[in-house]
Amino acid sequence: MAISANEILDGLDDAQRRAACSVDGPVRIIACAGAGKTRTITRRIAYACASGAWEESRALAVTFSVKAAQEMRTRLLDLGVGEDMHIATFHAAALHQLRTMWPDVCEGPFPVLSESPRDLVGAALFRALNMQPERNVVQDVHAEIDWCKVSLIAPEDYVRVCEATHHAPPAPLDPQSFTRVYDQYEQEKAARMEIDFNDILLVTAHILDTYPEVGEQVRAHIGWLTVDEYQDVSPLQHRLMRSWLGAHRNVCVVGDPAQTIYSFAGATSYYLNHFAREFHPLAADIALDTDYRSAQSIVARANTVLGKSAQREDYLKLKAVREGSRRVLSAAYETDAQEAQAVAARIARLVGQGARPGDFAVLTRLNGQQRVVVQALQEQGLPYQVRRNSGWQQSALQPAAAVEGAPVGDVEALDQGRVTVSTIHASKGLEFDHVFLVGLSEGLMPYRVSDDVEALEEERRVLYVGVTRAQESLYLSYAKRQDERAGRVRQPTRFL
């Protein structure tokens, strides 16, 4: 049964309704954690199509993960639209366009997407520097090449960028030697007729900008563009977005500067913060600052984390609507093992009182902190699943999966779910009834304290993201020492 345009707006608060009804021209929506962001933008798209303001087949919505794109599509279908709409990640949308455009600009076969870019890096290191590198060096150089590409830094510009910004290449390379490796990497890739993950965006943008007739054919199918998680776009993604738009201005961006936690991979909130200047005048500029997810005490703690920031004017102050009597609990333990055991024991006790294991998450700053947590959960006989930082790119062309999990013995246990053990980065976009944030000590949170003001601010945002994953209860803890043999005594994080 068809849903009318006005019915699509039912249940939205005033700010959400204003956002949903602003369907033309450049629109910016700043949405805090728990503000109903996905609900708002899907209602906006559905309303625009149902009211006749948009042609569904010419609407493109892009986000950063396959899971988020699937969720958006499901919600739109439930609202009676979406069958003819293109909803995808940046990379999936660009790859589709690239395959379509390729015969018009090149007589050769379509290149193969490299399945082993680190093999290319290893070959480049050997050819450029006669180096047989260790695995961690290959990994670091690969990450640096990715960072260069998403930051639009060509090999010939790398040394100059390092000099201007005091950027250091990964050990044991200097800027000149990294440039040689980067250049050789490109040659190795071309010789194999391959493209890497970021070439999908680079080549697509290049064709759109260089071949006007081909570009216009693609733009003719993009009448209205919606970009989710806009605080995480890289310079490369921003360039592609502008290539998609061409001369028109029907774009809506949605994001939250306080949730920018992927700067190491080229993400930047610059474009979200400066959107009003870039697309002046805006048709609408709307803030969604009501957190419908978290209990009042959790919202208060999230505001405390950001309230001490020198950049707090860039962040929304959350408004709580869910009352709750539970306090945010804090604890200190002697060792990492004792901390993990106490967390696992509390989860087991609550599960024994009727809670589901799937309602709990234990969040860490680093992958390496998870082993001791998993061991403690195993000792309590609790089923678990592990989510690790698996790279900025993994989920953009295929769904990301949990890396490991404890066996689940029967159907009833499956229905109860598993305790999630996750890095904070990997938990972004998720929510849990009960969250345990562990390892909240200087050196871990913030990680590797330095004089870099921006790096320190990003660590603050990481903690904010962790806090705002919790709906009902939040437990904060740290251990004074790694183990009984450790001499150094840790101090609690400065952010709390």
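The values are calculated or read from the model by the stated rules, or taken from the named source; none is laboratory data. Small disclaimer: the values here were computed from a predicted structure and weren't measured. Here the Cβ positions follow ideal geometry from the backbone for every residue, glycine too, while neighbour counts run over all protein chains shown. Surface accessibility is based on the protein's heavy atoms, side chains included, excluding ligands, DNA and RNA. Shrake-Rupley method; radii C 1.70, N 1.55, O 1.52, S 1.80 Å.
For the range 418-496, the list of GluC sites (Glu not before Pro) that fall in a loop by DSSP and count at most 11 other C-beta atoms within 10 angstrom reads 484. Which stretch or stretches of the range 187-209 have amide N atoms under 19 Å from the point lying 7 Å from residue 127's Cα along the Cα→Cβ direction? Counting only backbone N, you get 187-199.
Between residue 326 and residue 356, take the C-beta separation as r, use R0 = 22 Å, and let me know the FRET efficiency to the nearest 0.05.
Values: r = 17 Å, r/R0 = 0.80.
Given R0 = 22 Å and the Cβ-Cβ separation, E is 0.80.
Taking 7 Å steps out from each Cα toward its Cβ at residue 156 and residue 119 produces label points 3.1 nm apart. Note on residue 416 and residue 210: the extension gain reaches 68.7 nm, defined as 0.36 nm multiplied by sequence separation minus the Cα-Cα distance. Element breakdown for the chain at a 1.4 angstrom probe: carbon and sulfur atoms account for 48% of the accessible area. With Cα atoms as the point set, the range 196-282 shows a radius of gyration and Dmax of 13.4, 40 Å.
Between the range 204-270 and the range 1-62, how many Å separate their Cα centres? So the two Cα centres are separated by 19 Å.
For residue 37, the lysines whose Cα falls under 26 Å of its own Cα, not counting residues fewer than eight places away in the same chain, are 67, 308, 317, 319, 428. Considering only trypsin sites (Lys or Arg not before Pro) in DSSP loops that have at most 15 other Cβ atoms within 10 Å, the longest stretch of the chain without any of them is 1-191. If each Cα of the chain is one equal point scatterer, what is log10 of I(q)/I(0) from the Debye formula at q = 0.08, 0.10, 0.12, 0.13 Å⁻¹? Debye output, listed in q order: -0.55, -0.87, -1.23, -1.39.
How big is the Cα convex hull of the range 112-192 in projection, averaged over all directions, in nm²? Kindly include the intermediate steps, with their values, before the conclusion.
Working: hull surface 20.2 nm².
Projected over every direction and averaged, the Cα hull of the range 112-192 covers 5.0 nm².
Take the chain with all the other protein chains still there, run a 1.4 Å probe, and you get 46 Å² of accessible area per residue.
Counting only protein heavy atoms and using a 1.4 Å probe, the accessible area of residue 274 comes to about 50 Å².
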